[in-house]
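So the structure is just underneath, and the comments pick up after that.
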Amino acid sequence: MTRSSIDPAVIVEAVRAGMQAIVARAAAAGGVTYKSDRSPVTEADEAAERAILAVIEAVSDVPIVAEERFAAGLVPEVGRRFLLIDPLDGTKSFIAGTPDYTVNVALIEAGVPVFGCVGIPATGVVYHGGVGCAPVVERENEVHALATRPALSALDVVASRSHLTPQTEDYLARITVGDRVSIGSSLKFCLLAEAKADLYPRFGRTMQWDTAAGDAILRAAGGLTVRTDGMPLPYGLTGMPGEDLFANPDFIAVGDRSLLRRAAILPATDQ
């Protein structure tokens, strides 16, 4: 292993370091400032990012796109291989004391998320997996394999708690919904990967560091995240200026890939 590559075990170690940094500062969640896009940031976000970077940069020179560094204007040159870091995904949940916030680190190769790790500081649960790395969840000192489930006629849906848009409501009105859960952060991908939900539609602004780790785990477990035209969600420079340099388009995440052939699932191809 050279410094131009990274061991998945290091990514998991880095996520755990970020989780520890957040837990150590959970009582200080009230110290909130706002970035240029009006998204909140706390001392815990910044401490977690420092902890994650310390672990990774000690052993690897793979370029890193990290949310708080990016907000500060530190944008590295990225090529075929780079890392995406969201040190605290779901800051609004963290501030509110709701436990569904996460730490996310993903490795990207040629536009594809090939390994991801998602940690939940409030519970200690860690999800990870990717290409050549069986997807698992580590919970209460036990390791369980992850695999998505076949979709039935009624779909269990996970949706954003803080960013639910009218377009999302319109989309869901056109399909048969079973259970519906509103939850923050990348946990939505993990619920699909763990066969606890079927569909996660997202219409509205997200960044690549929000999605890459959960997307990598979901793909490894048998699911997929696609643009509204059905093409896999890509990662890398978008060609858009400024804050949109690593922005995502609208997307649909599914546990059962055959859902992508079902009517109304892909709005761009719906007749």
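Take the alpha carbon gyration tensor of the chain, find the square roots of its eigenvalues, order them as a ≥ b ≥ c, and report rounded if a/c is under 1.5; if not, report prolate when a/b exceeds b/c, else oblate. Intermediate values should be presented prior to the final figure.
Details: a/c = 1.41, a/b = 1.37, b/c = 1.03.
It is rounded, given that a/c, with a ≥ b ≥ c, falls under 1.5.
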Rounded accessible area per residue of the chain, 1.4 Å, Å² = 42
Between Asp198 and residues 5 or more places away or on another chain, the pairs with built amide H atoms under 5 Å apart involve Asp156, Val157, Val158
Between segment 192-269 and segment 138-180, what is the C-alpha centre distance in whole Å?
-> 13
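What is the chain's relative contact order, in percent, from Cα pairs under 8 angstrom and six or more apart in sequence?
On the way: 601 pairs, mean separation 42.0, N = 271.
Once normalised by length, the contact order is 15 percent.
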With all protein chains present and a 1.4 Å probe, the order of Cys133, Cys117 from largest accessible area down is Cys133, Cys117
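Using only the Cα atoms of segment 209-271, build the gyration tensor, take square roots of its eigenvalues as a ≥ b ≥ c, and label the shape rounded, prolate or oblate: rounded if a/c is under 1.5, else prolate if a/b is larger than b/c, else oblate. List each step's numbers first, then the result.
Working: a/c = 3.24, a/b = 1.39, b/c = 2.33.
Judged from the Cα gyration tensor, segment 209-271 comes out oblate (a/c at least 1.5, b/c at or above a/b).
The values are calculated or read from the model by the stated rules, or taken from the named source; none is laboratory data. All figures in this text were calculated on a predicted structure; none of them were measured in a lab. Keep in mind that these areas ignore ligands, DNA and RNA; they rest on the heavy atoms of the full protein, side chains included. Shrake-Rupley method; radii C 1.70, N 1.55, O 1.52, S 1.80 Å.
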